[in-house]
1. Please give the number of the condition LEU99 fails out of (1) part of a helix (DSSP H, G or I); (2) more than 27 Å from LYS145 (Cβ to Cβ); (3) open to solvent by 80 Å² or more (accessible area, probe 1.4 Å).
2. Condition test on ARG71, is it within 27 Å of LEU19 (Cβ to Cβ) and open to solvent by 80 Å² or more (accessible area, probe 1.4 Å)?
3. Just checking, which of ALA82, ALA157, ALA101, ALA116 is of a type in the set (A, V, I, L, M) and within 16 Å of the chain's Cα centre (by Cα)?
4. Which helices (runs of 4 or more DSSP H) does segment 110-160 wholly contain that include 2 or more residues that are of a type outside the set (S, T, N, Q), within 28 Å of GLY62 (Cα to Cα) and open to solvent by less than 70 Å² (accessible area, probe 1.4 Å)?
5. So, SER91, is that one closer than 19 Å to LEU7 by Cβ, of a type outside the set (Val, Ile, Thr) and loosely packed, with under 10 Cβ neighbours inside 10 Å or not?
6. Name the pairs whose Cβ atoms lie under 9 Å apart, with the first residue in segment 134-158 and within 12 Å of LEU122 (Cα to Cα), the second of a type in the set (D, E, K, R) and open to solvent by less than 80 Å² (accessible area, probe 1.4 Å), and 6 or more positions between them or separate chains?
7. Would a scan of segment 75-88 turn up a residue that is at pLDDT 90 or above and within 26 Å of TRP18 (Cβ to Cβ)?
Amino acid sequence: MRKISDLYAGHHSWLKGWLRKRMGDSDTAADLAQDTFVRVLSKPPQGDLQEPRAYLTVIAKGLVSNWYRRRAIENAYLEELASRPEAYSVSPEDRALMLEALFEIDAMLDKLPAKAREAFLLSQLDELPYSEIAQRLNISLSTVKRYIVLGFAQCLASMA
């Protein structure tokens, strides 16, 4: 197996350039390149890497996807805050804590199948009755109930 230090030395600049083209920002690209190698360090590849750039690209694509997802959550939260009256303003510390909690909730819900996640959110955020969720998602009432249970089970599992 190739040493991780060799992998870093041989491909870090290339990866940073690859990310810079996709992100349009050299600082974000540098951060994501570093995060890619942190992932490699936390779970090194098994055996000899035949295609190190392909390996790094797969990891980096996942990190880019997570970055965009977190960015969308942050923007939605900040838009919601901006729509609130001044009296409901939030301190920077509380804002950071809330964003971190939102990121954790998103990661937890991302583990659910798409329809289960949608049913759970319709139930919990929109407070729709199960019958309306079933109709909206074109699924049976028993499936809605199963999805809601699955959502709560995922919440409990992530708290453990």
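The values are calculated or read from the model by the stated rules, or taken from the named source; none is laboratory data. Everything numeric here is computed off the predicted structure, so don't read it as measured data. Please note: Cβ atoms are built from the backbone with ideal geometry, for glycine as well, and neighbour counts cover all protein chains shown. What goes into the accessible areas is simple: the full protein's heavy atoms, side chains included, and nothing from ligands, DNA or RNA. Shrake-Rupley method; radii C 1.70, N 1.55, O 1.52, S 1.80 Å.
1. Among (1) part of a helix (DSSP H, G or I); (2) more than 27 Å from LYS145 (Cβ to Cβ); (3) open to solvent by 80 Å² or more (accessible area, probe 1.4 Å), LEU99 violates only (3).
2. Working: within 27 Å of LEU19 (Cβ to Cβ): yes; open to solvent by 80 Å² or more (accessible area, probe 1.4 Å): yes.
Yes; evaluated as a whole, the condition is true for this residue.
3. On the way: ALA82 fails: within 16 Å of the chain's Cα centre (by Cα); ALA157 fails: within 16 Å of the chain's Cα centre (by Cα); ALA116 fails: within 16 Å of the chain's Cα centre (by Cα).
Being of a type in the set (A, V, I, L, M) and within 16 Å of the chain's Cα centre (by Cα) holds for just one of ALA82, ALA157, ALA101, ALA116, which is ALA101.
4. On the way: elements: 114-124, 130-137, 141-159.
Hits in segment 110-160: 114-124, 141-159.
5. On the way: closer than 19 Å to LEU7 by Cβ: no; of a type outside the set (Val, Ile, Thr): yes; loosely packed, with under 10 Cβ neighbours inside 10 Å: yes.
Against the criterion (closer than 19 Å to LEU7 by Cβ, of a type outside the set (Val, Ile, Thr) and loosely packed, with under 10 Cβ neighbours inside 10 Å), SER91 does not qualify.
6. Filtered contacts from segment 134-158: TYR147/ARG117; GLY151/ARG117.
7. Yes, that holds for at least one residue.
Every residue, every condition in (1) open to solvent by less than 80 Å² (accessible area, probe 1.4 Å); (2) closer than 20 Å to ALA9 by Cβ; (3) not basic (Lys, Arg), yes or no:
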| position | (1), (2), (3) |
| --- | --- |
| THR28 | yes, no, yes |
| PHE37 | yes, yes, yes |
| GLN46 | no, no, yes |
| ARG53 | no, yes, no |
